[in-house]
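Asker: My questions will all concern the structure given below.
The values are calculated or read from the model by the stated rules, or taken from the named source; none is laboratory data. Computed from a predicted model, the values in this text were never measured in an experiment. Every residue, glycine among them, receives a Cβ derived from its backbone with ideal geometry; neighbour counts consider all protein chains shown. Ligands, DNA and RNA are excluded from the accessible area calculation, which covers all protein heavy atoms including side chains. Shrake-Rupley method; radii C 1.70, N 1.55, O 1.52, S 1.80 Å.
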Amino acid sequence: MAANNRRMSGKKGAQVGSGGKRRRGLEGKGPTPPAEMRKGHAKQRAANAKARRVTGRPQQRRGGGRSTSELVVGRNPVYEALREGVPASTLYVQQFIDNDERVREALQLAAERGGINLMEAPRPELDRMTNGLNHQGLVLQVPPYEYAHPEDLVAAAHDEGVDPLIVALDGVTDPRNLGAVVRSVSAFGGHGVVVPERRAAGMTAGAWKTSAGTAARTPVARATNLTRALESYQKAGITVVGLAADGEAELGDLAALDGPVVIVVGSEGKGLSRLVGETCDFRVRIPMPGGAESLNAGVAAGIVLYEAARRRG
């Protein structure tokens, strides 16, 4: 009976040399980690402080979102869009189209650029695609625009080792004004344009055309809330300057243009919105001896960007 009990028992006796402990209890914890990895050690604290200094630069973030695809309709608009370098994915050509000079030029430009699909389609299909617009047998599909995140523009400036120079648009709804601002930002060494997500112009084919190709190298960021985006810039040490006809300071007297700055331009009619105006560190005016009441966004941004570039140069 005692023998049976011994056979049925799953317990093991103490192993020789184990001191009655299991084998795992005798295993070591590995080599001692270096001082930089030991919690609370002075060298670890120094290493963490160094890492914080290195990562003080804003991290690039994608997430400004995408626009919807767009159609450019008509022989002259399609030709001009192709000539001005507007991004395109597909050129739709009506079957049995009258092959005039504009059609031949559009087809030649599409072939020279490469990467554009050429699709032949019957007239009823083009009518359906364009909701009955007068497409004249040519329809160009513009792919969705990839917006940057507002913090990407600051990160790009840090990568260049220079102070950020950014333009934000408040209430500007004309895509041609947006394109003109993009062109000015590119011309004077700025780092991009910020637009609100709602009730604002976006990067349409019209904006691309007005930018004269500079939109390919000058990012446009989209902010869910422009006021919060400006406050985030301020926390990063960037001065926010709003342009206003009744501004307290004159452009020539503004020293802030020498450093990191965001220039906020409002619409030609309404100017800056109340919340955006209250968020600005300075509200400045552009002197206009000729007596004009206001300038459109593209012209106003160009003047201030020139002044900023002149001082920095």
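Asker: Go through the residues of the range 211-225 one by one and say whether even a single one is more than 18 Å from Ala88 (Cα to Cα), under 15 Å from the mean Cα position of the chain (by Cα), among the charged types (D, E, K, R) and surrounded by 20 or more Cβ atoms within 10 Å (Cβ to Cβ).
Answerer: Checked against the condition, which is being more than 18 Å from Ala88 (Cα to Cα), under 15 Å from the mean Cα position of the chain (by Cα), among the charged types (D, E, K, R) and surrounded by 20 or more Cβ atoms within 10 Å (Cβ to Cβ), the range 211-225 yields at least one hit.
Asker: Given the condition more than 30 Å from Gly115 (Cα to Cα), without any contact (Cβ under 8 Å) to a residue 12 or more places away in the chain and of a type outside the set (A, V, I, L, M), answer yes or no: does some residue in the range 135-151 qualify?
Answerer: For the range 135-151, residues more than 30 Å from Gly115 (Cα to Cα), without any contact (Cβ under 8 Å) to a residue 12 or more places away in the chain and of a type outside the set (A, V, I, L, M): absent.
Asker: Could you go through the range 119-131 and let me know if any residue there is open to solvent by less than 70 Å² (accessible area, probe 1.4 Å), in contact (Cβ under 8 Å) with a residue 24 or more places away in the chain and more than 23 Å from Thr68 (Cα to Cα).
Answerer: Yes, there is a match, as at least one residue in the range 119-131 is open to solvent by less than 70 Å² (accessible area, probe 1.4 Å), in contact (Cβ under 8 Å) with a residue 24 or more places away in the chain and more than 23 Å from Thr68 (Cα to Cα).
Asker: Go through (1) more than 19 Å from Val78 (Cα to Cα); (2) assigned to a helix (DSSP H, G or I); (3) open to solvent by 10 Å² or more (accessible area, probe 1.4 Å) one by one and return the number of the condition Ala157 breaks.
Answerer: Going through the list (1) more than 19 Å from Val78 (Cα to Cα); (2) assigned to a helix (DSSP H, G or I); (3) open to solvent by 10 Å² or more (accessible area, probe 1.4 Å), Ala157 breaks only (3).
Asker: Which residue, of Gly247, Gly302, is over 17 Å from Ser186 (Cα atoms) and open to solvent by less than 60 Å² (accessible area, probe 1.4 Å)?
Answerer: Sole residue among the options that is over 17 Å from Ser186 (Cα atoms) and open to solvent by less than 60 Å² (accessible area, probe 1.4 Å): Gly247.
Asker: Another question, then. Tell me, which residue of the range 75-118 that is among the basic types (Lys, Arg) and open to solvent by 60 Å² or more (accessible area, probe 1.4 Å) is farthest from Lys209 (Cα to Cα)?
Answerer: Across the range 75-118, the extreme among qualifying residues is Arg104.
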